[in-house]
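Enquirer: Encoded as structure tokens, here's the structure I'll be asking about.
The values are calculated or read from the model by the stated rules, or taken from the named source; none is laboratory data. Keep in mind that what you see is a predicted model, and the values were worked out from it rather than measured. Here the Cβ is made from the backbone with ideal geometry for all residues, glycine too, and neighbour counts use every protein chain on show.
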Amino acid sequence: MLEKFDIKKFIEYKRSVERERPILFVEPRIITIDGVDGAGKSSVAQKIFDGLQKRYGKGTVVIANRLIGPEQKRLQKLINDKNLTNKKQIDNIYSAMINRIYKEVVIPAINTGKIVIIDRSEIDLLRYAIESGKKDLIEERKKQIQEGTLTHRLWAGNRVFLRMSTEDIEHNLSQRMQIWPSDPKTRDEIEKRKNIEKEAEKEIFSMLYEGQVNIIEKENKRQDDPAGREVYLEKLAEEIIKKLNLPNEGR
């Protein structure tokens, strides 16, 4: 005698399979640079950009954050015109900005065979959520990231994580031309930020994706001499470039 078909069990099974199926696809041409505020991400991103252009030629690499499309401009105008101070509104616009960067810059660049460097990845958005302590916001951000709504289902194939001592971060933040309200103000706040950054990274590593992700961790040490600093950053960038896992076609 045939066993009676249980539609509820079938639906639950189907949902469990869908939960386990990765919907994020690794793109090796995407390089993300992450680390806490003051770790030197922008400086290192620029040196990696310079080094890759020397290697592969002018016009082969872009830093996504420096190219602003019309939809990103509209979001920036919204922030400026409304003079937003509500953290939730700002966070929501920030998540929308990530989506637009991928739509207007990252995807077109990838489609033309370019390498894309992103200064700060979706890890930042998750870190902000964790800092808020709001469980519903944390789960919402994790869901957005896992479902690929922020990155159009693309997943960076090269993830660079910059580490720096608390003392050096404190020094770098004190030297900034523009101080952001979200910047940590004390060593205790910096330590807390570093711990939350690690927590956000751990969550990112647990995401399901299809393909191989290349993880590179490097310590960025403070250099007080300007000339020595340039040499140091160039060397650091070259070490990172050597470890990148980039596609070979056309290179």
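Enquirer: Of the numbered conditions (1) outside any helix (DSSP H, G or I); (2) among the charged types (D, E, K, R); (3) touching an Asp or Glu at 6+ places or on another chain (Cβ under 9 Å), Lys185 satisfies every one except a single condition; which is it?
Expert: Here Lys185 meets the rest and fails (3).
Enquirer: Condition check: in contact with a strand residue (DSSP E or B) (Cβ under 9 Å, 6 or more places away or on another chain) and farther than 17 Å from Asp119 by Cβ. Does Leu246 satisfy that? Break it down stepwise before answering.
Expert: On the way: in contact with a strand residue (DSSP E or B) (Cβ under 9 Å, 6 or more places away or on another chain): yes; farther than 17 Å from Asp119 by Cβ: yes.
Judged against the criteria, Leu246 is a match.
Enquirer: Would you point out the residue of the stretch 110-138, among those that are more than 13 Å from Glu203 (Cβ to Cβ) and β-branched (Val, Ile, Thr), that is surrounded by the fewest Cβ atoms within 10 Å (Cβ to Cβ)?
Expert: It comes out as Thr112.
Enquirer: Still on this structure, I have one more. From the set of residues in the stretch 166-200 that are within 21 Å of the chain's Cα centre (by Cα) and basic (Lys, Arg), which is surrounded by the most Cβ atoms within 10 Å (Cβ to Cβ)?
Expert: Arg193
Enquirer: Another question, then. If you check Ile23 against the conditions, is it within 15 Å of the chain's Cα centre (by Cα), touching a residue at least 24 places away in the same chain (Cβ under 8 Å) and not in a helix (DSSP H, G or I)? Spell out the reasoning first.
Expert: On the way: within 15 Å of the chain's Cα centre (by Cα): no; touching a residue at least 24 places away in the same chain (Cβ under 8 Å): yes; not in a helix (DSSP H, G or I): yes.
Judged against the criteria, Ile23 is not a match.
Enquirer: Something else: Give the residue, chosen from Glu199, Glu239, that is part of a helix (DSSP H, G or I) and in contact with a strand residue (DSSP E or B) (Cβ under 8 Å, 6 or more places away or on another chain). Talk me through it step by step, then tell me what you get.
Expert: Details: Glu199 fails: in contact with a strand residue (DSSP E or B) (Cβ under 8 Å, 6 or more places away or on another chain).
After applying the criteria, what remains is Glu239.
Enquirer: Continuing with this model, one more query. Among the candidates Lys9, Lys54, single out the residue that is at pLDDT 95 or above, exposed (fewer than 14 other Cβ atoms within 10 Å of the Cβ) and over 30 Å from Ile190 (Cβ atoms).
Expert: Working: Lys9 fails: at pLDDT 95 or above.
Exactly one residue qualifies, and that residue is Lys54.
Enquirer: Something else now. Can you report the number of residues in the stretch 109-143 which are polar (S, T, N, Q), over 14 Å from the mean Cα position of the chain (by Cα) and under 22 Å from Leu208 (Cβ atoms)?
Expert: Within the stretch 109-143, the first condition is being polar (S, T, N, Q), and the residues that meet it are 111-112, 121, 132.
Cutting the leftovers down to over 14 Å from the mean Cα position of the chain (by Cα) gives us 111-112, 132.
Of the ones still in play, those that are also under 22 Å from Leu208 (Cβ atoms) are none.
The qualifying residues number 0.
Enquirer: Kindly indicate the residue of the stretch 92-108 that is at pLDDT 95 or above and under 13 Å from the mean Cα position of the chain (by Cα) and also farthest from Asn245 (Cα to Cα) among those meeting that condition.
Expert: Tyr102
Residues are listed down the side, and each one gets a yes or a no for (1) in contact with a Cys (Cβ under 7 Å, 6 or more places away or on another chain); (2) under 17 Å from Thr32 (Cβ atoms); (3) surrounded by 14 or more Cβ atoms within 10 Å (Cβ to Cβ):
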site	(1), (2), (3)
Lys202	no, yes, no
Gly211	no, yes, no
Lys221	no, no, no
Arg229	no, no, yes
Leu236	no, yes, yes
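Enquirer: Name every residue in the stretch 131-161 that is closer than 16 Å to Asp119 by Cα and among the basic types (Lys, Arg), in order of residue number.
Expert: The answer is Arg159, and nothing else.
Enquirer: So in the stretch 109-147, with the set limited to residues that are touching a strand residue (DSSP E or B) at 6+ places or on another chain (Cβ under 6 Å) and in a loop (DSSP other than H, G, I, E, B), which one is nearest to Glu189 (Cα to Cα)? So that I can check it myself, show each step before the final result.
Expert: Step one: of the stretch 109-147, the residues touching a strand residue (DSSP E or B) at 6+ places or on another chain (Cβ under 6 Å) are 109-110, 114-119, 121, 123.
After this cut, where a residue has to be in a loop (DSSP other than H, G, I, E, B) as well, the list is 114, 121.
Values: Lys114: 38, Ser121: 21 Å.
Across the stretch 109-147, the extreme among qualifying residues is Ser121.
Enquirer: Examine the stretch 158-166 for a residue that is in contact with a Gly (Cβ under 9 Å, 6 or more places away or on another chain), aromatic (Phe, Trp, Tyr), over 19 Å from Ser42 (Cα atoms) and in contact (Cβ under 8 Å) with a residue 24 or more places away in the chain, and state whether such a residue exists.
Expert: Applying the first criterion (in contact with a Gly (Cβ under 9 Å, 6 or more places away or on another chain)) to the stretch 158-166 yields 160-164.
Okay, now just the ones that are also aromatic (Phe, Trp, Tyr), so 161.
Next, from what is left, pick out any that are over 19 Å from Ser42 (Cα atoms): none.
No, there is no match, as no residue in the stretch 158-166 is in contact with a Gly (Cβ under 9 Å, 6 or more places away or on another chain), aromatic (Phe, Trp, Tyr), over 19 Å from Ser42 (Cα atoms) and in contact (Cβ under 8 Å) with a residue 24 or more places away in the chain.
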